[in-house]
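Beneath this line is the structure, given in structure tokens, with notes to follow.
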Amino acid sequence: MVNTSFHEHEAAVYDEIHQAMWKSLPEHFSIISDRILATGSVPDSLSLLDIGCGTGLGTELLLHTEIGKRVREIHLLDTSSTMMDHAAVRSRNWPARTFTYLGGMAALPEDSKFDLVLASSVLHHIPNLVCFFEHVAGVQRPGSFFIHLQDPNGDYLDDPELRHRTALGAKNTQPQLPRFILRFSPGRILRRVLRELTGRQHETYIDLTNKDLLATEVITSPLTAEEIWSVTDVHLYDGLGISLGVMKKELTKYELIHTHSYAFFGHLSSDLPPPLLLEERRLLRNNAPNGMDLAAVWRRCNC
Ligand SMILES: C[S@@+](CC[C@H](N)C(=O)[O-])C[C@H]1O[C@@H](n2cnc3c(N)ncnc32)[C@H](O)[C@@H]1O
């Protein structure tokens, strides 16, 4: 309920407050596309399921890649109807037939199968990932690909180098989204930054979320922005993030075919000043594992 209500209200400002994702994620989709094509086992015509499609950012960026050119059918899934409405409007410009499903994985038609499953900036919202991964495996045939990105890089969130770079990033950039400063900021700094950054959004989507939750008696007094995020961004606030090590044990029906990390200074590349951007690019080229964010591609195996 908190998750759905929050995203319902965030939908109105989502694209605006996530401009860095629009500007910075194309290169990561492009890397992912190249790696999938390099497997040499990709059909010319693909069906795509975008889980937690939001306003359609992930599908839109994927469609601009080489692998995206092979997508003939798009299936959008989201628990928020307002997010879905935005994605549906965006889909009018997509060169593939698009279907929409409101809800979680259970909202998909029985026996659905998809060649590509995409979860962009979604895994940290899913409380029970084991169950979620089982659902994902259930909608893919052997040889299909599961792509996820924009996940908090759980295996490295305590990495001293990442902490050092993130402190440097914070000094040299305009503060952006709360997720990048969560683990590194004492509460008092976090609250000041949130006030400066999200003043307007704070008055709108956080307050609107509270109104919904109060009206439906889910809560009896308003929650702070932080309290709401602790529910919606469950795998950020638990301090664990999304761990590739853990996923290797949980995604038993998949083999990992690609992984890369990014946001080495705690910010996406579009927010970095030139010297840090150069270093971000160098670390990305060297496939350094310890950025703030994680991207990966898995292939469903014959098991
Ligand atoms: C941070 S947004 C990401 C949107 C989009 N994928 C992107 O990359 O911009 C997370 C989205 O996941 C949706 N969501 C959260 N939990 C979900 C679930 N269990 N099943 C489907 N969608 C979910 C939210 O409503 C929201 O639209």
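Name the one entry in L157, L129, L149 that is at pLDDT below 95 and of a type outside the set (V, I, T).
L157
If I filter the stretch 92-104 for residues that are away from the ligand (no atom under 12 Å from the Cβ) and crowded, with 21+ Cβ neighbours inside 10 Å, do I get at least one hit?
no
Could you tell me which of the residues K253, K171 is surrounded by 15 or more Cβ atoms within 10 Å (Cβ to Cβ), farther than 21 Å from H124 by Cβ and at pLDDT 85 or above? Let's see the steps before the verdict.
Working: K171 fails: surrounded by 15 or more Cβ atoms within 10 Å (Cβ to Cβ).
So the residue among K253, K171 that is surrounded by 15 or more Cβ atoms within 10 Å (Cβ to Cβ), farther than 21 Å from H124 by Cβ and at pLDDT 85 or above is K253.
Do you know which residues across the stretch 65-91 are within 14 Å of the ligand (Cβ to nearest atom) and either in contact (Cβ under 8 Å) with a residue 40 or more places away in the chain or not hydrophobic (A, V, I, L, M, F, W, C) (or both)?
Answer for the stretch 65-91, where residues must be within 14 Å of the ligand (Cβ to nearest atom) and either in contact (Cβ under 8 Å) with a residue 40 or more places away in the chain or not hydrophobic (A, V, I, L, M, F, W, C) (or both): H75, D78, T79, S80, S81, T82, M83, D85, H86, R90, S91.
On the given criteria, is S33 modelled with pLDDT under 95, away from the ligand (no atom under 13 Å from the Cβ) and under 26 Å from E134 (Cα atoms)?
So S33 fails the test.
Within the stretch 212-232, restricting attention to residues that are more than 12 Å from F6 (Cβ to Cβ) and assigned to a helix (DSSP H, G or I), which residue is modelled with the lowest pLDDT?
E226
State whether the residues of the stretch 10-33 include one that is within 15 Å of the chain's Cα centre (by Cα), outside the structural domain of L116 (by TED's automatic domain parsing) and over 25 Å from F264 (Cα atoms).
Yes, there is a match, as at least one residue in the stretch 10-33 is within 15 Å of the chain's Cα centre (by Cα), outside the structural domain of L116 (by TED's automatic domain parsing) and over 25 Å from F264 (Cα atoms).
I'd like to verify a number: residues in the stretch 37-64 that are among the β-branched types (V, I, T) and either within 26 Å of E16 (Cβ to Cβ) or within 15 Å of the ligand (Cβ to nearest atom) (or both), how many?
Of the stretch 37-64, the ones among the β-branched types (V, I, T) are 39, 42, 51, 55, 59.
Remaining after also requiring either within 26 Å of E16 (Cβ to Cβ) or within 15 Å of the ligand (Cβ to nearest atom) (or both): 51, 55, 59.
Looking only at that region, the number is 3.
Select from the stretch 271-281 the residues that are touching a residue at least 40 places away in the same chain (Cβ under 8 Å) and either buried (at least 23 other Cβ atoms within 10 Å of the Cβ) or among the small types (G, A, S) (or both) and list them in ascending order.
D271, L272
Search the stretch 111-123 for residues that are under 19 Å from A20 (Cα atoms) and not assigned by TED's automatic domain parsing to the domain that holds D233 and pair each with any residue that is modelled with pLDDT of 95 or more and part of a loop (DSSP other than H, G, I, E, B) when their beta-carbon atoms are under 8 Å apart and the residues are at least 6 apart or on different chains.
Pairs found: A119/G52; S120/G52; S120/G54; S121/G52; S121/G54; V122/G52.
Is it fair to say L268 is within 13 Å of G154 (Cα to Cα), touching a residue at least 40 places away in the same chain (Cβ under 8 Å) and within 18 Å of the chain's Cα centre (by Cα)? Before the answer, list the steps.
Numbers: within 13 Å of G154 (Cα to Cα): no; touching a residue at least 40 places away in the same chain (Cβ under 8 Å): yes; within 18 Å of the chain's Cα centre (by Cα): yes.
The answer is no for L268.
Looking at T59, T65, T39, T55, which one is in the same structural domain as G291 (by TED's automatic domain parsing), at pLDDT 95 or above and touching a His at 6+ places or on another chain (Cβ under 6 Å)?
The unique qualifying residue is T55.
Residues to consider are L294, L284; find the one that is surrounded by 14 or more Cβ atoms within 10 Å (Cβ to Cβ), on the phi < 0 side of the Ramachandran plot and in a helix (DSSP H, G or I).
That would be L284, the only listed residue that is surrounded by 14 or more Cβ atoms within 10 Å (Cβ to Cβ), on the phi < 0 side of the Ramachandran plot and in a helix (DSSP H, G or I).
Mind checking which residues of the stretch 1-16 are surrounded by fewer than 18 Cβ atoms within 10 Å (Cβ to Cβ) and more than 10 Å from the ligand (Cβ to nearest atom)?
Correct list: M1, A12, V13, E16.
Inside the stretch 107-132, can you point out the residues that are over 25 Å from H28 (Cα atoms) and in contact with a His (Cβ under 8 Å, 6 or more places away or on another chain)?
L108, S112
Within the stretch 126-144, is even one residue assigned to a strand (DSSP E or B), crowded, with 21+ Cβ neighbours inside 10 Å and either away from the ligand (no atom under 11 Å from the Cβ) or not charged (D, E, K, R) (or both)?
Checked against the condition, which is being assigned to a strand (DSSP E or B), crowded, with 21+ Cβ neighbours inside 10 Å and either away from the ligand (no atom under 11 Å from the Cβ) or not charged (D, E, K, R) (or both), the stretch 126-144 yields no hits at all.
The values are calculated or read from the model by the stated rules, or taken from the named source; none is laboratory data. Because the structure is a prediction, the values reported are computed rather than measured. Reconstructed Cβ throughout: ideal geometry from the backbone, glycine too, with neighbour counts over all protein chains shown.
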